[in-house]
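A.B. asks: The structure that follows is given in the form of structure tokens.
The values are calculated or read from the model by the stated rules, or taken from the named source; none is laboratory data. Since this is a predicted model, take the numbers as computed values, not measurements. A quick note on method: Cβ atoms are made from the backbone with ideal geometry, for glycine too, and the neighbour counts reach across all protein chains shown. SASA here: full protein model, heavy atoms, side chains in, ligands and nucleic acids out. Shrake-Rupley method; radii C 1.70, N 1.55, O 1.52, S 1.80 Å.
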Amino acid sequence: MASKFSSALLLISILMNIQLLASAGNFYRDVDITWGEGRGKIQEGGRGLALSLDKLSGSGFQSKNEFLFGRFDMQLKLVPGNSAGTVTTFFLSSQGTGHDEIDFEFLGNVSGQPYTVHTNVYTQGKGNKEQQFHLWFDPTAAFHTYSIVWNPHRIVFLVDNSPIRVFNNHESIGVPFPKSQAMKVYCSLWNADEWATQGGRVKTDWSVAPFTAYYRNINIDGCAVSSGTSSCKSTGSANNVKPWQTHELDGEGRNRLRWVQSRHMVYNYCADSKRFPQGFSEECKRSRF
């Protein structure tokens with residue numbers, strides 16, 4: 001069974017790369033490098049972007065537009081070798097103390113040890129919804145596609161188009177869900193050795209700096225918001241509905257999710273009774289799908 005799923009995931013990865021090549025955006029057009037004093041560089045005529053980190057500073061960029069719902073795809077090749085202490089990010093966020101946020105964070109490790117993929121969802125400034133994973137491939141050897149699908153019903157985190165996490169809208173039972181604040185795409189490479197690797201026990205080895213992470217083939221298909229007006233028009237016609245707007249897992253997707261979570265999940269806030277002795281959040285008692 002494991003071999004069957006691994007082969008299927010490899011095929012999905014190849015098909016996803018082909019699809020992104022055909023539909024990818026352009027970093028010159030779609031983003032601004034916002035910090036790093038030259039450590040972020042757009043490459044390949046706008047197809048790629050490199051972020052670097054040294055002892056003085058990391059670097060980062062953000063989308064020019066903000067969005068209220070959409071599908072957001074990014075290919076990344078993470079820092080190779082001893083990446084302990086580094087954090088590479090791809091996330092959505094609004095602004096302010098009561099902000100909403102949907103996170104992919106990639107926590108580096110010493111050579112030979114796996115990256116930790118850290119996911120979280122914030123609503124109105126409150127998070128504590130962490131799930132973490134070790135990937136089934138080397139994320140430093142080649143580009144892989146990381147995706148966030150966000151609609152009013154659910155948030156789906158995908159790796160090479162395979163779901164690793166679903167966060168459903170459970171407002172009906174009192175669980176906040178991010179659906180009212182427009183968010184921009186943010187990406188960064190920075191030092192967080194006080195907590196990022198093995199709880200902060202392993203620090204960044206600056207003798208191997210600079211560290212570099214590579215981004216490629218940004219693809220955003222979402223509802224851009226400008227002056228409070230969304231680019232998505234509600235016409236009531238099924239012909240105008242995009243797949244991400246009604247995205248949910250089918251049987252195959254649920255099987256992939258079970259496989260990933262049973263074999264590759266390393267932390268789940270819904271199972272951490274020491275951290276939450278008062279009991280788990282209400283959504284933990286509901287189906288993950």
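A.B. asks: Can you tell me which residues in segment 8-42 are at pLDDT 95 or above, closer than 16 Å to Leu76 by Cα, in contact with a strand residue (DSSP E or B) (Cβ under 6 Å, 6 or more places away or on another chain) and not aliphatic (A, V, I, L, M)?
C.D. replies: Correct list: Phe27, Gly40, Lys41.
A.B. asks: Also: Restricting attention to segment 76-101, which residues are under 21 Å from Cys223 (Cα atoms) and either touching a Ser or Thr at 6+ places or on another chain (Cβ under 8 Å) or buried (at least 23 other Cβ atoms within 10 Å of the Cβ) (or both)?
C.D. replies: Answer for segment 76-101, where residues must be under 21 Å from Cys223 (Cα atoms) and either touching a Ser or Thr at 6+ places or on another chain (Cβ under 8 Å) or buried (at least 23 other Cβ atoms within 10 Å of the Cβ) (or both): Phe90, Leu92, His99, Asp100, Glu101.
A.B. asks: Sticking with this structure for a sec: Determine which single condition Cys284 fails, assuming it passes every other condition in (1) touching a residue at least 40 places away in the same chain (Cβ under 8 Å); (2) surrounded by 15 or more Cβ atoms within 10 Å (Cβ to Cβ); (3) on the phi < 0 side of the Ramachandran plot.
C.D. replies: It is condition (1) that Cys284 fails.
A.B. asks: Can you tell which of Phe177, Phe211 is among the aromatic types (Phe, Trp, Tyr) and either out of contact with any strand residue (DSSP E or B) (no Cβ under 6 Å at 6 or more places or on another chain) or farther than 18 Å from Gly85 by Cβ (or both)?
C.D. replies: The unique qualifying residue is Phe177.
Conditions tested, residue by residue: (1) of a type in the set (Gly, Ala, Ser); (2) farther than 27 Å from Val208 by Cα.
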{"residue": "Gly46", "(1), (2)": "yes, yes"}
{"residue": "Ser57", "(1), (2)": "yes, no"}
{"residue": "Lys64", "(1), (2)": "no, yes"}
{"residue": "Gln75", "(1), (2)": "no, no"}
{"residue": "Glu101", "(1), (2)": "no, yes"}
{"residue": "Phe106", "(1), (2)": "no, no"}
{"residue": "Gln113", "(1), (2)": "no, no"}
{"residue": "Val117", "(1), (2)": "no, no"}
{"residue": "Asn120", "(1), (2)": "no, yes"}
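A.B. asks: Give the residue, chosen from Ser52, Ser57, Ser111, that is open to solvent by 10 Å² or more (accessible area, probe 1.4 Å) and assigned to a strand (DSSP E or B).
C.D. replies: The match here is Ser52.
A.B. asks: If you don't mind, there's one more thing I want to ask. How many residues does segment 114-135 contain that are in a strand (DSSP E or B) and farther than 17 Å from Ala182 by Cα? Break it down into steps so the answer makes sense when it comes.
C.D. replies: First, the residues of segment 114-135 that are in a strand (DSSP E or B): 116-123, 126, 131-133.
With farther than 17 Å from Ala182 by Cα added as a condition, the list becomes 116-120, 131-133.
Of the residues in segment 114-135, 8 are in a strand (DSSP E or B) and farther than 17 Å from Ala182 by Cα.
A.B. asks: OK, next. Could you tell me whether His247 is under 18 Å from the mean Cα position of the chain (by Cα) and either open to solvent by 70 Å² or more (accessible area, probe 1.4 Å) or more than 26 Å from Ala141 (Cα to Cα) (or both)?
C.D. replies: Answer is yes for this residue.
A.B. asks: Could you figure out which of (1) in a loop (DSSP other than H, G, I, E, B); (2) surrounded by fewer than 18 Cβ atoms within 10 Å (Cβ to Cβ) isn't true of Ser172?
C.D. replies: All conditions pass for Ser172, except number (1).
A.B. asks: What pairs come out if I take residues in segment 248-266 that are in contact (Cβ under 8 Å) with a residue 40 or more places away in the chain and pair them with residues that are among the β-branched types (Val, Ile, Thr) and loosely packed, with under 14 Cβ neighbours inside 10 Å whose C-beta lies under 6 Å away, six or more apart or interchain?
C.D. replies: No pair meets every condition.
A.B. asks: Follow-up. Hey, any hits in segment 194-215 for a residue that's open to solvent by 50 Å² or more (accessible area, probe 1.4 Å) and within 17 Å of the chain's Cα centre (by Cα)?
C.D. replies: Checked segment 194-215: at least one residue is open to solvent by 50 Å² or more (accessible area, probe 1.4 Å) and within 17 Å of the chain's Cα centre (by Cα).
A.B. asks: Another question, then. Every residue in segment 104-135 that is farther than 13 Å from Leu78 by Cα and acidic (Asp, Glu), please.
C.D. replies: Answer for segment 104-135, where residues must be farther than 13 Å from Leu78 by Cα and acidic (Asp, Glu): just Glu130.
Yes/no per residue for (1) touching a Gly at 6+ places or on another chain (Cβ under 8 Å); (2) under 23 Å from Pro243 (Cβ atoms); (3) at pLDDT 95 or above:
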| residue | (1), (2), (3) |
| --- | --- |
| Asp100 | no, yes, yes |
| Asn109 | no, no, yes |
| Val121 | yes, yes, yes |
| Gln131 | no, no, yes |
| Asp138 | no, no, yes |
| Ala142 | no, no, yes |
| Val185 | no, yes, yes |
